[in-house]
Structure formats: C-alpha cells, structure tokens
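Working notes, beginning with the structure itself.
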Amino acid sequence: MSYDRYVAICLPLHYEVIMCPRKCMWAVAAVWVSGGISGTLCTATTFSIRFCRAKIIHQFFCDIPQLLKLSCSNDYLGVMGAVVFLSALAFACFVGIVLSYIQIFSTVFRMPSAEGRSKVFSTCLPHLFVVSLFLSTGYCVYLNPTSDFPTALDFLFSIFYTVLPPTLNPFIYSLRNESLKRAIRKLLLSEEFIGKNHLRSFVSGC
C-alpha cells in the first residue's frame, strides 16, 4: 500500500503503467508466498519441539513465545531459523515503507496547494496509522520477556497487532472509494426512507 501511494503521488503520470494488473498480480503472489513460507516454518518448528509442561497457553492464539515456554527441549535451531526469516522479511517491509513515505512527504511539502497537501495527508495518514499501530504493539509483545502470568495489557497489545489492523484496513481503504461511498449513502438513505414509512404505517394503524 505504501508503494501504491508512492507511485500515485510521486509518479502520477506513470501510475497506470507501473500498477498494471499483471504487475500487481505478481506483487500479491509474492505476499502470499512469503506469508505461506512464514506460516509453514512456524508450524514445522512447533511440531519439532518437545513439550513436557502444563499444556496451558496464556494467550488467545498459539503464539510462538508462549509455546516455547512449554518446551523442555533445547533444540531451538529451527525456531531461530524461522525467527531470522521473519525478522528479515519484516525489516525489508519496514525499509520499503519508510523509503516510500520519505519520497511521499518530500513531494507533498513541495506542493504549492494547501488543498492538495491536505488531500494527500488524508489518504496516507490512515495507512501510516495502521502500520504504526501494528509495528509498535508487535514490538511491545515480542521484545518484552514472556511472563508466566500475562497481564491484561499483554492481551490488549496482542489484540492490537493481530485483530485491529486487519479489521481497520477494509474500512480505511474502501471508504476512500467514491463508488463505495455513494453506495453506502444510498443504502442509508433507503433504510431511513423505509424506517419513516414503517413509522407512518404504525402511527396510522394506531
């Protein structure tokens, strides 16, 4: 999404060529493959660990740090490989986002129109907010020592980085679409019209 914003703002005349469906398909395929590799590595390393403690995970999903606390084996080579791969992937994404937004903001601040700058900020800041929320809460969860008795704040951070970003993304990106906005307005107006008709029918029936 940050690269899409970069192309739309910094290279608007080349947007249709750079973000053509064929190239976007390859980008989506790369995301799916990298996500599949990450999930496979995590699952495989989890099955390779021996568990001998109480089978209680203090989390609402099978988080790797919580699973490692239940382990009684010292063979963490596979886990470390998965962590290194995920860290490299996350770092590459982070660098891409930072570079994209450096270019975006340098272009925005050169814009003479205040209205144009406001429009760009209203488009980019929601995406930046979701990414910052995901990274900051994920940082708090994974870089803090894993506790035997997590606090409510630990659960809250886990919800922030696992549940909120995927929930907010469709709203943030879809509500920028004018066709969707018109459809929502039309739906709300029709529901309001139906509600008023029902109210009139009820009053006249009384």
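Any read-out appearing in this document is the output of simple, stated calculations on the displayed coordinates, not a laboratory observation. It should be emphasised that the depicted structure is a prediction, and the values quoted were computed from it without experimental measurement. We place every Cβ from the backbone using ideal geometry, glycine too, and count neighbours over all the protein chains shown.
If you bin all the Cα-Cα distances of the range 53-143 at 10 Å, starting from zero, the percentages per bin are 12, 31, 25, 16, 11, 5, 1. Counted residue by residue at 0.36 nm each, then reduced by the alpha carbon distance between them, the extension gain from Phe91 to Phe47 reaches 13.2 nm.
Per-residue 3J(HN,Hα) values for the range 12-24, derived from phi via the Karplus relation 6.51 cos²θ - 1.76 cosθ + 1.60 with θ = phi - 60°, read x, 6, 9, 4, 5, 6, 6, 9, 5, x, 5, 5, 5 Hz in sequence order (x marks Gly and Pro).
On full extension, the segment bounded by Cys20 and Thr123 gains 35.0 nm, given 0.36 nm per residue less the C-alpha separation. Label-to-label distance, Leu143 versus Leu13, with points set 7 angstrom from Cα along the beta-carbon direction: 4.3 nm. Estimated at 0.36 nm per residue, the fully extended path between Asp4 and Cys72 surpasses their Cα-Cα distance by 19.9 nm.
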